[in-house]
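The values are calculated or read from the model by the stated rules, or taken from the named source; none is laboratory data. Remember, predicted model here, so these are calculated numbers, not experimental data. As a convention, Cβ positions derive from the backbone with ideal geometry for all residues, glycine included, and neighbour counts pool all protein chains shown.
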Amino acid sequence: MREVDMLTGNVAAAWAARIADVDYIPAYPITPQTEIIETLASWISQGLMKAKLVQLESEHSMLTAAGTASLSGARVFTATSSQGLLYGFEMLYNIAGWRAPLVLVNVSRAVAAPITLEPDHNDVLAARDSGFIQLHAEKCQEVLDLILIAYRVAEDHRVMLPVIVNMDGFYLSFTREPVYIPSKTDVEEFLPPYNPPHPFRAGRPVVKGAAVLGGHIYAYFKHNIHESLLRAGDVFKEAAAGFREVTGRFHSPVEGFLLDDAEYVLVVTNSFTSIARKAVVRLREKGVPAGLVKLVMLRPFPSSDIMEKLRGRKAVAVFDQNISPGLGGVIYNEVAAALYHVKNRPETLLSAIGGVGGKYTTVEEFEHVFHMLMHPEKTQPGKPVFLFRADELAHVQTALRLAGYTGEET
Amino acid sequence: MLRIRFHGRGGQGVKTSSRILGRAAFSAGFFAQDFPIYGAERRGAPVTAFTRISHSPIMERGYIFNPHIVVVMDETLLADAQARPLEDLPRGGVALINSARGPIFSEDQAGHVFMRINFTDPALRIIGKPIVSVSAAAAAAKLCGLRKQHVEEAVREELSELGVRDELLEKNLMLMSETYDNTPRYSIKVDEERVGAVELVDPASGRVVYSDVFAAGNAVHRATGNWRVFRPVVDYGKCTGCKVCFIYCPDSAISLDAENKPVIDYEHCKGCLICVVECPIRAISSVREVEIFA
Amino acid sequence: MTRYKTLRDFPVEEYLSPGSTMCAGCGAMLVLRAFHKVLGPNVVFVNAAGCLTLLQVYPYTPNKSSWMYTAFASAPAGAQGIRDALDILMEKGRVNSFEDLKVVVVTGDGAAYDIGLQSTSGAIERGLDFYYLVYDNEAYGNTGFQKSGATPYGSATATTPPTERNPTGYTGVKKDLFEIWRSHKPPYIATVAPSHMVDMLRKIETASQFKGPKLFIAFSSCPTGWGFDPSLSVRISRLAVECGIWPLKESVYGKVRHTYIPTVLKPVEEYLRHQNRFRHLFTPRKQETAIASIQEQVNNYWLEAAKNEGFRITVAKPVTIAPP
């Protein structure tokens, strides 16, 4: 094993599971996640990793087995994408409610119909209310680092909640770049063994998942999940500090880029952040005080960090690589809510929706969003800007024609 | 507005009662609302249903916390720690109780008016089953001042919807009529709505609270003996200690003594009477419950 | 060999306390209680949505063992997770073998025959070492008795009500879950009925010798859904067996053997007429054709079984109907 190697996001995720010494990996194939479980299966069968990998018959079963194994005291890793996440969806709420602190990697892929392979974040954001902690990665290195940090946060007895670590399909999952792999001893120093308080054992009977009737008891437990998830924000910061001591790399829930004197700020997540960075740099070269805020943590929603980073800015745009039809961008609305109570909040808060279905977003498009921030009088307050280029529309029209679409019914 | 809360057991027709009353009020031109609460409990376990009747649109929903009438369809529920039929019944409120004993009218220290009407025996006599939904609705309707013709209409409609036809429907109408006539007229006077203050608290505990149950076997603290209508009684003179009743008790409510003879746990026996039927020498008989279970 | 020769051998130790919220006379409880007694205390039940889910209503449990409620569709996958976790943790030396548990899936027929069939198939095919106990009351009892894949021909349910236009009630056939399971060739499958308790105890005992899937379909008389007096729960079960409606059998690595042969089958009418769910077959007019077809199915089943296994059986005559 090399200390640094060219790894895809998928293989980086597999490495994280390996050095975290996970015990159990329930699996089910789906593009673009499959390489993760294939890599792990190969390591396990070669004896390079001591864990059990079982291929289930669906993501619903996979997540069920993941949850119950975690409750039985095994450190569990699993991965899925898109339709798979949705197929297992009810189990997300269960796993969180069971307080099973496993780590699930979601390799983002837009959701059917129409069916596609390329990423947007409608899949992972659908899970935002499930009680999972959500960490979103921009780079392959972050995939590895965030998974390690995720275990420490999840298994902390002040938290005991599962984590989704998200990476974009293709842009990270199949993209190789240099990734530092911490040594096993470094990880052991950072990540204590998993030790849940009430695993299933002979002689220690326990009932898990009992029905709760009477709204007040349900509400109490649900509030406890909320409270623990909020606490996970602070525990993450502790864990990130510990991680820096061991690896020298630092991660925070909300990251700023060229933010100090920025007047125009773009809020982004995931792999397209890299392209947006370039737009910021190009604008800076032209003397525009542009900056960028990357959200790494989506749950707990880092409201106070966002407030702190965006207060006093002239204009802010939120780039959503998702769409809630009939509303607009999901993250825009959450950022807007966070800013409502900020006294000197930005005068302009623009919603930009792009990259839906993996549609490429060019650096020029990001620059265009900044230009809109500089000329808010040309935008309609509250109305999301759908980033869709003229050449793309022309392309679609050709496709419509080829498909025999005439614009008429029947 | 009149608020009526029905307390009974699953299978007694509690929901049907509340619906008959609701429809009778609706037929009589009032604003009306009825609904049942379902819990985890099954046939035999306490069930609650509600009817609201008003001259004006009803701006309430859900559980009735301040009833004018509680209908206790099964007398044993009076002592039931979960059902608590008298809870929140205000001074002057009526507890209409299905009872074969005691005076028609009495009053307790809290100023509750107890009215005892026998629903079960006429039901057994006329329809042959201890189903008291029609009787309970009829008695409650009379207390609410509804006319018999509206109750009759409601019984027809509600029971037809449940597939009750012909002869059985006619018998139910007879039962309705008899109970309606046997129920005295009474004018209910209760203190009007209380306005309570709300004390909100922060439920945060500062730590992870698991919804696990660690107290193995603690269901024993939940009495189910009050589900019984009939009680199995062992004739120890006949009993041979064959264990059959023990084997066929679904609720682990029969244990064995040193001679393998059954000891019935009446605090939990639900009165299914499998033991009575299965005893190979008929050493267990069933006796109608008369005592209020405490 | 067996610890269970007569009813007197029924284990005395209780692992389920009284005070549950199941209906009076629940057949499923008779089965669960017997299973628990044979398997002993070191068990974790893995449950899918159904009547028995409400054995565990916070903060109460009747269990002196462990219980995991999963979801409707995936109890066998939940069992997989627990079994695998215990195995890998024992292998890694983090769990002692005396802390190990038997993993027992317990679901109703809705989960077993319908929504969880895929999950069960996967668990059997992977050779998961677990027990599966289906308490089969032939409909979705917990939600008010709607039709399931286990509902037999002629049954009224809340979603197959007999009407003028469809006087029969449910017109499909009950899935043969035993055969669906058997096609996977697991070590052990059995059908059981609470009326035949010694047969049940022995089968659980036999199953315990095998590693891998050990699967049970239990006749679970349901006073509430089927419409009969709770006191008749065991009687109905006995009638089901004696009429040949509920064959008692086992399959060891795919080889089937009937463990109880009702040498002279009672007519199915005797079973059907005790239950409100079949009442429409008898009143207002008797549906001879429907009843005859039920009898014929039962007869054909037993004649085939008698041929395969070489036993003698006298079937009941189907009601003969004159053509119109």
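Got a sec? Which strands (runs of 3 or more DSSP E) wholly within region A:1-59 have at least 1 residues that are over 19 Å from A:LEU172 (Cβ atoms)?
Because the criterion is at least 1 residues that are over 19 Å from A:LEU172 (Cβ atoms), the strands (runs of 3 or more DSSP E) in region A:1-59 that meet it are A:24-27, A:52-55.
Within region B:194-236, work out how many residues are more than 9 Å from every other protein chain (Cβ to nearest Cβ), in a loop (DSSP other than H, G, I, E, B) and touching a residue at least 12 places away in the same chain (Cβ under 8 Å).
Result for region B:194-236: 4.
Hey, does region C:56-72 have a residue that's assigned to a helix (DSSP H, G or I) and either at the interface with another protein chain (Cβ under 9 Å from one of its Cβ atoms) or surrounded by fewer than 19 Cβ atoms within 10 Å (Cβ to Cβ) (or both)? Please lay out each step first, then the result.
Narrowing region C:56-72 to residues assigned to a helix (DSSP H, G or I): none.
No, because not a single residue in region C:56-72 is assigned to a helix (DSSP H, G or I) and either at the interface with another protein chain (Cβ under 9 Å from one of its Cβ atoms) or surrounded by fewer than 19 Cβ atoms within 10 Å (Cβ to Cβ) (or both).
Looking only at region C:205-219, which residues are of a type in the set (Gly, Ala, Ser) and either closer than 22 Å to C:ASP9 by Cα or at pLDDT below 95 (or both)?
Hits for region C:205-219 are C:ALA207, C:SER208, C:ALA218.
Considering only residues that are at pLDDT 95 or above and outside any helix (DSSP H, G or I), look in region C:20-45 and name the one that is farthest from C:ASP100 (Cα to Cα).
Looking at the filtered set, the residue picked out is C:GLY25.
Name the residue that is farthest from B:ALA140 (Cα to Cα), counting only residues in region B:4-17 that are assigned to a strand (DSSP E or B) and over 9 Å from the mean Cα position of the chain (by Cα).
Initially, region B:4-17 is screened for residues assigned to a strand (DSSP E or B), giving B:4-10.
Those left that are additionally over 9 Å from the mean Cα position of the chain (by Cα): B:4-5.
Numbers: B:ILE4: 8, B:ARG5: 10 Å.
Filtering region B:4-17 for residues that are assigned to a strand (DSSP E or B) and over 9 Å from the mean Cα position of the chain (by Cα), the one farthest from B:ALA140 (Cα to Cα) comes out as B:ARG5.
State all residues of region B:213-246 that are under 30 Å from the mean Cα position of the chain (by Cα) and farther than 29 Å from B:LEU77 by Cα; if no residue qualifies, say none.
none
Here is a list: B:ILE64, B:ILE53, B:ILE20. Which entry is part of a loop (DSSP other than H, G, I, E, B) and either within 14 Å of chain C (Cβ to nearest Cβ) or of a type in the set (A, V, I, L, M, F, W, C) (or both)?
Only one candidate qualifies: B:ILE64.
Taking region C:7-19, which residues are among the aliphatic types (A, V, I, L, M) and either more than 7 Å from every other protein chain (Cβ to nearest Cβ) or assigned to a loop (DSSP other than H, G, I, E, B) (or both)?
C:VAL12, the sole residue that qualifies.
State the number of residues belonging to region B:67-89 that are part of a loop (DSSP other than H, G, I, E, B) and buried (at least 17 other Cβ atoms within 10 Å of the Cβ).
Of the residues in region B:67-89, 9 are part of a loop (DSSP other than H, G, I, E, B) and buried (at least 17 other Cβ atoms within 10 Å of the Cβ).
Which of (1) within 21 Å of the chain's Cα centre (by Cα); (2) in a helix (DSSP H, G or I) is the odd one out, the single condition C:PRO262 does not satisfy?
(2)
If C:CYS222 passes every condition in (1) more than 13 Å from the chain's Cα centre (by Cα); (2) within 14 Å of chain B (Cβ to nearest Cβ) but one, which one does it miss?
The one condition C:CYS222 does not meet is (1).
With the requirement that a residue be surrounded by 10 or more Cβ atoms within 10 Å (Cβ to Cβ), part of a loop (DSSP other than H, G, I, E, B), at pLDDT 95 or above and out of contact with any Gly (no Cβ under 6 Å at 6 or more places or on another chain), what does region A:361-404 give you?
Within region A:361-404, A:THR362, A:HIS375, A:PHE388, A:ARG389 meet the criteria.
Since A:GLY214 meets every condition but one in (1) within 14 Å of another protein chain (Cβ to nearest Cβ); (2) at positive phi; (3) touching a residue at least 12 places away in the same chain (Cβ under 8 Å), which condition does it not meet?
(3)
Tally the residues that are surrounded by fewer than 18 Cβ atoms within 10 Å (Cβ to Cβ) and assigned to a loop (DSSP other than H, G, I, E, B), restricting the search to region C:130-166.
Count: 9.
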